[in-house]
1. Find the residue count for region A:55-95, including only residues that are among the hydroxyl-bearing types (S, T, Y) and out of contact with any Leu (no Cβ under 8 Å at 6 or more places or on another chain).
2. Tell me the residue from A:S12, A:S6, A:S22, A:S43 that is among the hydroxyl-bearing types (S, T, Y), touching a residue at least 12 places away in the same chain (Cβ under 8 Å), exposed (fewer than 13 other Cβ atoms within 10 Å of the Cβ) and on the phi < 0 side of the Ramachandran plot, please.
3. Which one of A:T177, A:T95, A:T104 is more than 16 Å from A:I42 (Cα to Cα), hydroxyl-bearing (S, T, Y) and more than 16 Å from the chain's Cα centre (by Cα)?
4. Quick check on my filter: what residues within region A:278-326 are small (G, A, S) and either buried (at least 24 other Cβ atoms within 10 Å of the Cβ) or in contact with a Ser or Thr (Cβ under 7 Å, 6 or more places away or on another chain) (or both)?
5. Scan region A:153-174 and report the pairs whose first residue is among the basic types (K, R) and whose second residue is modelled with pLDDT of 85 or more and not in a helix (DSSP H, G or I), with Cβ atoms within less than 7 Å and a gap of 6+ or a chain change.
6. Pick out, from region B:1-115, the helices (runs of 4 or more DSSP H) lying fully within it that include 2 or more residues that are touching a residue at least 60 places away in the same chain (Cβ under 8 Å) and facing chain A (nearest Cβ under 10 Å).
7. When you check A:V471 against the structure, is it within 19 Å of A:L334 (Cα to Cα) and outside any loop (DSSP other than H, G, I, E, B), yes or no?
8. Looking at (1) modelled with pLDDT of 90 or more; (2) touching a strand residue (DSSP E or B) at 6+ places or on another chain (Cβ under 9 Å), find the lone condition where A:A286 falls short.
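The values are calculated or read from the model by the stated rules, or taken from the named source; none is laboratory data. A quick note: this is a predicted structure, and the numbers were derived from the prediction, not measured. As a convention, Cβ positions derive from the backbone with ideal geometry for all residues, glycine included, and neighbour counts pool all protein chains shown.
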Amino acid sequence: MSLSISDNLAASLIAAPIMLPSLAGTMALIFRRRRRMVAAGISIGSTALQVLIAVALLLRASQSDPTPYAMGDWPAPFGIVLVLDQLAAWMLLLTSVVGFAVATHAALTKLDRKGWNFHPIFQFQLLGINGAFLTGDLFNLFVFFEVLLIASYGLILHGQGARRLTSGVQYVVVNLTGSTLFLVGLGILYGVTGTLNMADMAARGAQLAQGDRGLFLAGGLVLIAVFALKAALLPLHLWLPRAYSSTAPAVAALFAIMTKVGAYSIIRTTPLIFGDVAEPILLPAALGTIILGFAGMLAARGLRDMAAFGLIGSTGTLLVAIALFDGDGLAAALYYLPHTTIAAAFLFLTVDLVVRWRGVEGDAIVPTPRFAGASLLAFLFLAGGVALAGLPPLSGFFGKLLILDAALASPQAAWIWGVILVTSLIAVVALARAGSTVFWKHDETPELPEDRDPPRLVQALPSLFLLALLVGLTVFAGPATRYTQGTAAQVLDTPLYLRSVLGTASPPSPTAQGDAP
Amino acid sequence: MSMEFLIATAIGALTWAGIYLSLRGRTFPVVLGVTMLSYAINLFLFAIGRLKVGAPPIFSEDAATYTDPLPQALVLTAIVISFGMSALVVVLSLRTFLETGTDQVDGEPDPAIDPLDGDREEWIARRNAHRIDMLGETRP
């Protein structure tokens, strides 16, 4: 090891998205009672710094093969490795910008004053999400899932109240069961292959005897079921609407990225380790998810329910593209993924402002008296609706177009085209109905409470920031799609990943793990 | 053979009990069910390194054979996480019961087994009066 200090630092930047939130979370914990502004400043500063780090990592990843970072310098597969590749960098950048917007929004709307621990938990949430994107080890992925889940339990209950607690219990129990299933899958895979490193498992899984192969794929399918639970894929979506619509909308905005953690895990593990085993199940389930999500939007009585169902539907669209498991499909999915995450987060933040500024009726889709700031909110809601439904001129249109184009090669092309186009229309109808009821119709009968806070326009800045990102994703669609095409090629290039992480394309030492004692 | 049979049966029985209990409608059985499931999975993880009797996991001078040490480390991690999670679920269910006055998972009281006997308003008023004593709660 004759690396200079600057080389070492540059290599360690890969661990920074994990180290920084853990440090910032701890610091915010110290200041949370006496110096609340300091805690909020640390939290927002940390998310801003994460954006810069993510940009640096993205630039580095786009120029090189997957780069492993061995924790404690133990080489893979014996130690735990973090792996930076284009996919991980893309997800890190997305997490950091959404985290930045939500942390700022929470500070501006004083959501973080409703409990002591908002900013520390928020940072630990980011720690878990970033870790899940970076790790190259399946058990480590489980641990980061637990970190992000434990933090999400804290965030989902933030602010409390009976409804939030009831849905919180359901959310926790569902996810505990999911974690148990995760361990079942991991146990089977370890029992068969004798390794937990993703690259090593891919290499050994390919060399298994015929009898063990079935067990290996069964373990893989259990894992994919767990990831589908996180991604709220039909029929494992039932926990999401209630949990997301009863928590604070700003928290739900951050959680828009949690369903993408499930989608990411499917992208990461399936082509690498399990091959095309899940294809026949994933595609119908994803199509069903789209129908259910967008039909749920039509049935929603509150704006938060509507945003939650929209999130389910758009994640379904994303999973359709992933389920194609070819270069074009993945590239389209990876372009649509940041768009749908930002659009859903943007809609949740806008709904939060509607609830705050309107002052009556909460988020119900009913006419209310005219309220200050309604025209700005109407514009934001329109933009959010356009983005979520995938209409031009925003990037969702390009995303859906790319997905439809990629689906042409699939034997199920007719189904995919039909479902995506019809459900887009349903989403437009639902959003138009809700928007016109909330912003255009007026009913002067409910008394506005005297003590409500006057709307502060500065609170809309984080939402406008997210909107600007969507516009940016549209304007720079060319470079973005080039990047996602490179990413898709890299994800599907399994030998490259094995060479980069293990140093060879075959497992270092065949073990006797497969033999019964 | 008999040891494998014993372990497999234990895992199966625990999983069965865990699934049954976690599908119940009240929080206490659900908490028990989730705990049972985590016990089952701990045993399962322990068994994935193959069952060996009298073999050291790391190093011993006169050992003829070794057992796989990694599953034991995994079980340790899983135990820690599931223990913490069980504590969280217990506290959360208790808190939900105090907040809503029912221990039904969906938050809707079942009149047949409602512990408050329908006297919810009075109970919530009493709860609010004693709240600070019970939970030591302070609001920011």
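1. Going through region A:55-95, the residues among the hydroxyl-bearing types (S, T, Y) turn out to be A:62, A:64, A:67, A:69, A:95.
Adding the requirement that they be out of contact with any Leu (no Cβ under 8 Å at 6 or more places or on another chain) leaves A:62, A:64.
Number satisfying all stated conditions: 2.
2. Values: A:S6 fails: touching a residue at least 12 places away in the same chain (Cβ under 8 Å); A:S22 fails: exposed (fewer than 13 other Cβ atoms within 10 Å of the Cβ); A:S43 fails: exposed (fewer than 13 other Cβ atoms within 10 Å of the Cβ).
Only one candidate passes the filter, namely A:S12.
3. On the way: A:T95 fails: more than 16 Å from the chain's Cα centre (by Cα); A:T104 fails: more than 16 Å from A:I42 (Cα to Cα).
Criteria check complete, one pass: A:T177.
4. If the condition is that a residue be small (G, A, S) and either buried (at least 24 other Cβ atoms within 10 Å of the Cβ) or in contact with a Ser or Thr (Cβ under 7 Å, 6 or more places away or on another chain) (or both), then A:A278, A:A286, A:G293, A:G302, A:A307, A:A308, A:G310, A:G313, A:S314, A:G316, A:A321, A:A323 are the ones that fit.
5. Qualifying pairs under 7 Å: A:R164/A:L157; A:R164/A:T247.
6. Working: elements: B:2-22, B:27-47, B:70-100.
Passing ranges, in order: B:27-47, B:70-100.
7. Details: within 19 Å of A:L334 (Cα to Cα): yes; outside any loop (DSSP other than H, G, I, E, B): yes.
Yes: the conditions hold for A:V471.
8. Exception for A:A286: condition (2).
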